[in-house]
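Just below is one structure, and these are the notes that go with it.
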Amino acid sequence: MQIEDLRIYVAVIKAGNFTAAAEQLMLSKQYVSRRIAALEESLGARLLNRNTRKLSVTDNGQLFAQHAQRILDDVQEAELAVSGRRQVLQGSFRLSVPMSFGISHLSPFIAEFLSLHPGLQFQVELADRHVDMVGEGFDMAIRIGTLPDSSLIAKRLGEFRRVICASPAYLQGAGAPRTPEALSEHLCLRYGRESQTGWELFNGDQRKVISVHGPMVSNNGEMLRDAAVAGLGLILLPEFIVAPALASGELVTVLEEWQPTSLHLNALYPQHRQRSEINRVFMTFLQQKLA
């Protein structure tokens, strides 16, 4: 059994299928499948159930994944300790992060990273726009959602569930939607491009795209959340933005059987930055913190 096999196995578990894991690891799907099969053979136990539609993890597979992740975390910590002694990080680093996620989640991590590497100087831009990485001189961008085709290198950091919710006062007056089609009769507060594309929802193999309308369109999730809390309509947002309001009862979820797709969290950087020691150490740090 090799450490690389553990990395491949954990990547498959997190990605949910061989194809996505292979893309993240920049390996072929066939190679990933062979390594998992070899791992199962060496352990004498089935870790994954495979069929044409989805991948599921066996009880043995879940147990092994926990131990594999612990081993990888220990290896990563050892690598960071050694790299930290080998080289003191110095220089400037320009980073673009989404406004909401940067404030709510990344801000304390960036502060901690800089405290560990006082020789660095970070320039952080909070922006939801797609920056010109090369033209504007950015070393890395953290982005949530579908990535446009580009020559940039992308590394997956995690994903976020999205929910549809509204205030109890709004639902008391307008009623809760019972079907996706009912959303077209409600006031919906839309995030940016949703005003053109509508809301895409899934229930198993069923997919529906519903055209929605309402009194507000914004590119900021906090503003939409606050408008929903005020009773102005329904919202579809990442759970990390609305979690406090859901916990307090200011918002409640609806249509829970119809799920929007989760949003992927990625780190992007230009080809010429892939050998950057700052990029490598910061990426490893983020992966560990966001795991």
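The values are calculated or read from the model by the stated rules, or taken from the named source; none is laboratory data. Quick caveat, the model's predicted, so the values are computed rather than measured. All Cβ positions, glycine included, derive from the backbone under ideal geometry; neighbour counts span all protein chains shown. Keep in mind that these areas ignore ligands, DNA and RNA; they rest on the heavy atoms of the full protein, side chains included. Shrake-Rupley method; radii C 1.70, N 1.55, O 1.52, S 1.80 Å.
As an exercise: evaluate Phe64 against (1) touching a Lys or Arg at 6+ places or on another chain (Cβ under 8 Å); (2) open to solvent by less than 40 Å² (accessible area, probe 1.4 Å); (3) within 26 Å of Gln288 (Cβ to Cβ) and give the number of the one condition it does not meet.
Going through the list (1) touching a Lys or Arg at 6+ places or on another chain (Cβ under 8 Å); (2) open to solvent by less than 40 Å² (accessible area, probe 1.4 Å); (3) within 26 Å of Gln288 (Cβ to Cβ), Phe64 breaks only (1).
Tally up the residues in region 265-279 that are surrounded by 15 or more Cβ atoms within 10 Å (Cβ to Cβ) and out of contact with any Gly (no Cβ under 7 Å at 6 or more places or on another chain), please.
Selection size over region 265-279: 8.
State the number of residues belonging to region 151-178 that are at pLDDT below 95 and polar (S, T, N, Q).
1
What tally of residues in region 227-243 results from selecting those that are crowded, with 16+ Cβ neighbours inside 10 Å, of a type outside the set (A, V, I, L, M) and either under 23 Å from Arg129 (Cβ atoms) or out of contact with any Pro (no Cβ under 8 Å at 6 or more places or on another chain) (or both)?
3
Say we look at region 186-213 and pick out the residues that are open to solvent by less than 70 Å² (accessible area, probe 1.4 Å) and of a type in the set (D, E, K, R); which of these is modelled with the lowest pLDDT?
Going through the qualifying residues, I end up with Glu194.
Conditions: (1) in contact with a helix residue (DSSP H, G or I) (Cβ under 7 Å, 6 or more places away or on another chain); (2) at pLDDT below 90; (3) under 25 Å from Ala15 (Cα atoms). Met140 meets all but one. Number of the miss?
All conditions pass for Met140, except number (2).
Any chance you could count how many residues in region 32-52 are within 25 Å of the chain's Cα centre (by Cα) and among the charged types (D, E, K, R)?
1
Just to be sure, is Ala247 open to solvent by less than 70 Å² (accessible area, probe 1.4 Å), more than 22 Å from Ala174 (Cβ to Cβ), free of Cβ contacts under 8 Å to residues at least 24 places away in the same chain and not acidic (Asp, Glu)?
It is false that Ala247 is open to solvent by less than 70 Å² (accessible area, probe 1.4 Å), more than 22 Å from Ala174 (Cβ to Cβ), free of Cβ contacts under 8 Å to residues at least 24 places away in the same chain and not acidic (Asp, Glu).
Limited to region 251-291, what total is found for residues that are within 19 Å of the chain's Cα centre (by Cα), over 25 Å from Asn219 (Cβ atoms) and at pLDDT below 85?
1
Applying the selection to region 251-262, what residues are open to solvent by less than 30 Å² (accessible area, probe 1.4 Å) and out of contact with any helix residue (DSSP H, G or I) (no Cβ under 8 Å at 6 or more places or on another chain)?
Pro260
Yes or no, residue by residue, for (1) open to solvent by less than 40 Å² (accessible area, probe 1.4 Å); (2) of a type in the set (Lys, Arg); (3) within 30 Å of Asp205 (Cβ to Cβ); (4) at pLDDT 85 or above:
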{"position": "Asn17", "(1), (2), (3), (4)": "no, no, yes, no"}
{"position": "Gln30", "(1), (2), (3), (4)": "no, no, yes, yes"}
{"position": "Glu41", "(1), (2), (3), (4)": "no, no, no, yes"}
{"position": "Asn51", "(1), (2), (3), (4)": "no, no, yes, no"}
{"position": "Thr58", "(1), (2), (3), (4)": "yes, no, yes, yes"}
{"position": "Ile71", "(1), (2), (3), (4)": "no, no, no, yes"}
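What is the number of the single condition among (1) farther than 24 Å from Val10 by Cβ; (2) at pLDDT 80 or above; (3) hydrophobic (A, V, I, L, M, F, W, C) that Val88 does not meet?
(2) is the only condition that Val88 fails.
Filter region 224-250 for residues that are within 21 Å of the chain's Cα centre (by Cα), in a helix (DSSP H, G or I) and hydrophobic (A, V, I, L, M, F, W, C) and give the result.
Correct list: Leu224, Phe240, Ile241, Val242, Ala243, Ala245, Leu246.
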